[in-house]
Structures are given as C-alpha cells and as structure tokens.
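What follows is calculated from the coordinates using simple rules that are stated; it is not laboratory data. Treat the numbers as computed from the prediction; the structure is a model and nothing was measured. Heads up, the Cβs are rebuilt from the backbone with ideal geometry, glycines too, and the neighbour counts pull from every protein chain shown.
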Amino acid sequence: MRRGAGGGGPGLGAAGGRRLSVLNVAEKPSVARSVASILSGSGNPPSREGRSRYNRVFEFEYNIRGQPCLMLMTSVTGHLMELDFDQRYRKWHSCDPSDLFSAPVQKFVPE
C-alpha cells in the first residue's frame, strides 16, 4: 500500500484514509493492456510510462468486493525462462549434431 499527498491522491481515500492499491504484473505488455482494458471498462485505459518505456503502467479505479481501490497493471519483458539441452548434449563433441533435432530440452529459470 502506498500513500499519496492528501486530497484523495494515489493511496488515499476521499477522507484521507488509506486506500488499497493492487499491483498486477503480466508476462507481456500486450497482455497488460488487454487485461487493463477489460477491467477498466475502457478500450484505452489511462497509462503512464514506467521505468522502462516498453512497459507502461495502467492505472484506474476498481472495486474489489465493494471496496474501491487503485488498480495498477504493468508487465515485464525479456525471457523469464530459458531452454537448454540436457547435460550430455552441451559439449560440442558429445554427440552427432543431427541428434540435437530429437534431443530433449529442459526449461529452467536462470539465476
């Protein structure tokens, strides 16, 4: 939850009390825009530039179980997971290169 500078700014309700802020992070910018469009009820939800010019932050009012909140929707870019061959196929001379077409591939999250 974050606080604004009074007057109902971000993080504050109309009476100056705390207001819930909800951060949603999508895997792609296009998904963030689509979800924000649906939840905001607007084909073009209000947005601002985030830390990356490629990942906009969509901000709009929303109600969760009757409680008003500030909904923030953004995204990430880049590869969250990587693919690599099994250990026995990683060295240049460990196999015939044509074997790589049928070799198993592992998914992992890089450190």
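The 3J(HN,Hα) values that the Karplus relation (6.51, -1.76, 1.60; θ = phi - 60°) gives for region 57-69 are, in residue order, 10, 8, 10, 7, 6, 8, 10, 10, 6, x, 9, x, 8 Hz. Gly and Pro appear as x. In this structure, Trp92 and Tyr54 have a Cβ-Cβ separation that, at R0 = 30 Å, corresponds to a calculated FRET efficiency of about 0.25.
Take the Cα of Gln106, step 7 Å toward its Cβ, do the same at Ser30, and the gap between the two points is 3.1 nm. For region 28-91, the list of trypsin sites (Lys or Arg not before Pro) that fall in a loop by DSSP and count at most 13 other C-beta atoms within 10 angstrom reads Arg51, Arg53, Arg65, Arg90, Lys91.
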